[in-house]
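The values are calculated or read from the model by the stated rules, or taken from the named source; none is laboratory data. The model shown is predicted, which means the values in this text are computed figures rather than measured ones. Here Cβ is always computed from backbone atoms with ideal geometry, including for glycine, and neighbour counts include all displayed protein chains.
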Amino acid sequence: MGLPDDDIDMTKAVVAALKGADGRSMAVKKLKKEVLISMQLDSADKKVGKCFKKAVKGLESDKRVRLSEDGIVTLSKSKNKDGKKKKDKRKREGDGAEEATKKSKTIVAEEESKKEDDGVAHPEEMPSEEGTDKNKKCKGNPLGCTRLFVGNLPFAVDETSLASFFSPAGEITHIRWITDVETGKFYGSSFVEMSNSKAAAAAVAMAGQKLMGRDIKVNFAQSRPGDPWPPQKKISSGEMKKGGQAGGSGKKAMREKPEDCVKLFMGNISYEADDDKLTKFFANVDAEVKGVRLLQHDSGEFKGCGFVEFWNSEACEKAATLNGKNFLGRNLRLDWSD
């Protein structure tokens, strides 16, 4: 089969492959293989590779998929026909149960009328938080806990990459990065709030999986008395002195700068990036680039990260001020590298 006249078939094939994947997520390399097999295309054909990359980029631009820096493509949540069918089914079931509900209410009212009005709240009358859907006890989560401790995180992590990592388990609603109160230095760990107890159980089951090369630690972490949780802000961190390193929204935490450092790690790099564009980007702060190394998978696909080296430590420090700045439509993440 030859290459399609347009990219529509390729785009449809990408979406179909992701819908059939566990957690609606798949590594770029595996996704490409699945798509090309389904379309009976030759993986050795460079035009086919370009068509696949264009399809993924187009879906990402339309916010139909998310692409993490470690090369994981995740299908974004969207309304679909299945959702409508489920809604119609619930409506039919609700109509059928309406009469039974009325009878149940009548029985409850009769029982309530028999109770002695002694001004005391009986146990069966008191509301229970454990009965809520969010904190409902489930397999793997007998306490219905939705707060988790996540440790051994890479310093280049941010809310986007962490949410993408846990997306197969469920949605993260709040993140509190753990930082030093005095220095503001990121400790490489955080507390996260999952959308419900089932998602929390699935997230804990992911302990030991790799994020940016690190084996992530995940444990249940019930909030302590006096510690308000979840926090008011969706993304928060410990108290920091002015100029300290941060682990919160916007700029990402950078680890302690090595002595005479001349190299930076780059994450969340656009697919449009190349050596010349990166060199010009850092030239905006008068940081002269010595060399750029963009990382690739074994298949040759770009990983979305890499390293940049400068002629001296002063230039490297200037370049670091661009951490979190927009580069070709993405907020570039930078960290010191040995």
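For the reader, a short list of remarks on this structure follows.
Residue-by-condition table, conditions (1) under 21 Å from residue 156 (Cβ atoms); (2) not in a strand (DSSP E or B):
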{"residue": "281", "(1), (2)": "yes, yes"}
{"residue": "287", "(1), (2)": "yes, yes"}
{"residue": "295", "(1), (2)": "yes, no"}
{"residue": "300", "(1), (2)": "no, yes"}
{"residue": "305", "(1), (2)": "yes, no"}
{"residue": "309", "(1), (2)": "yes, no"}
{"residue": "314", "(1), (2)": "no, yes"}
{"residue": "317", "(1), (2)": "yes, yes"}
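- Residue match in the range 212-232 (condition: at pLDDT 90 or above, polar (S, T, N, Q) and part of a loop (DSSP other than H, G, I, E, B)): no
- Qualifying residue in the range 239-262 (condition: part of a strand (DSSP E or B) and either at pLDDT 90 or above or surrounded by 19 or more Cβ atoms within 10 Å (Cβ to Cβ) (or both)): no
- Search result, residues across the range 283-338 that are among the hydroxyl-bearing types (Ser, Thr, Tyr) and touching an Asp or Glu at 6+ places or on another chain (Cβ under 7 Å): 313
- Exclusive hit being at pLDDT below 75 and not small (Gly, Ala, Ser), set 92, 66: 92
- Set 207, 200, 283: member being modelled with pLDDT of 90 or more, in the same structural domain as residue 177 (by TED's automatic domain parsing) and out of contact with any Gly (no Cβ under 8 Å at 6 or more places or on another chain): 207
- Pairs meeting the criteria (first residue in the range 304-318 and farther than 19 Å from residue 331 by Cα, second residue among the small types (Gly, Ala, Ser) and surrounded by fewer than 19 Cβ atoms within 10 Å (Cβ to Cβ), beta carbons under 8 Å, at least 6 apart or on different chains) are 309/291.
- Residue tally, condition of a type outside the set (Asp, Glu), farther than 13 Å from residue 192 by Cβ and loosely packed, with under 15 Cβ neighbours inside 10 Å, over the range 206-223: 5
- Being closer than 22 Å to residue 305 by Cβ, outside any helix (DSSP H, G or I), modelled with pLDDT of 85 or more and of a type in the set (D, E, K, R) is a property that does not hold for residue 54.
- Within the range 293-326, the set of residues being closer than 15 Å to residue 338 by Cα and in contact with a strand residue (DSSP E or B) (Cβ under 7 Å, 6 or more places away or on another chain) comprises 293, 306, 307, 308, 309, 310, 311, 316, 320.
- Output for the range 286-302, where each listed residue is in contact (Cβ under 8 Å) with a residue 60 or more places away in the chain and surrounded by 18 or more Cβ atoms within 10 Å (Cβ to Cβ): 301
- Screening the range 319-338 for residues that are part of a loop (DSSP other than H, G, I, E, B) and either in contact with a Gly (Cβ under 8 Å, 6 or more places away or on another chain) or not small (Gly, Ala, Ser) (or both) and picking the one that is surrounded by the fewest Cβ atoms within 10 Å (Cβ to Cβ) gives 338.
- Filter pass, residue 76 being modelled with pLDDT of 85 or more, of a type in the set (Ser, Thr, Tyr) and buried (at least 18 other Cβ atoms within 10 Å of the Cβ): no
- Test: residue in the range 310-328 that is under 17 Å from residue 276 (Cα atoms) and among the charged types (D, E, K, R): no
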